[in-house]
């Protein structure tokens with residue numbers, strides 16, 4: 001089994017059709033996790049292009065709000081600070097529960113951009129990430145939803 005996860009190429013982060021029907025493929029957890037993103041081009045910038053909270057996150061991607069939108073199709077390297085992410089890992093990292101250094105890392109594409117009250121919402125679709133981190137993220141989202149429905 002590969003140690004990389006490649007997301008589906010279909011619109012899995014967010015897609016609303018003209019009829020208002022929600023076409024999301026994954027559960028989305030509304031959490032303001034800190035997201036840092038750098039454009040995946042050479043030379044790689046030292047400073048992040050984005051340093052913003054996310055609006056929500058799922059196994060397939062996340063939504064961020066920014067004053068400066070990026071063009072659809074922009075490829076990014078992202079780091080999302082998710083406290084206790086490693087708690088949901090089945091491997092070695094489960095014992096490492098220092099919140100300060102727990103990041104979900106992935107390669108993501110800007111899938112869509114929408115103006116929203118002077119800001120811009122951007123959907124970032126994960127295109128490549130560590131498989132174990134994806135499983136951990138999915139478990140975290142599912143656990144949060146189970147807790148909300150109790």
Check: In nm, to one decimal, how far is the modelled label at residue 149 from the one at residue 72, with both set 7 Å along Cα→Cβ?
Finding: 3.2 nm
Check: Given 0.36 nm per residue, what is the gain on full extension from residue 128 to residue 142 after removing their alpha carbon distance, in nm?
Finding: 3.0 nm
Margin query: How much length would be gained if the chain were fully extended between residue 51 and residue 65, taking 0.36 nm per residue of separation minus their Cα-Cα distance, in nm to one decimal?
Written below: 4.0 nm
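Only the coordinates and a few stated rules stand behind these numbers; no lab work does. Note that the coordinates shown come from a computational prediction; the quantities given were computed from them, not determined experimentally. With ideal geometry, Cβ positions are generated from the backbone for all residues, glycine too; neighbour counts draw on all protein chains shown.
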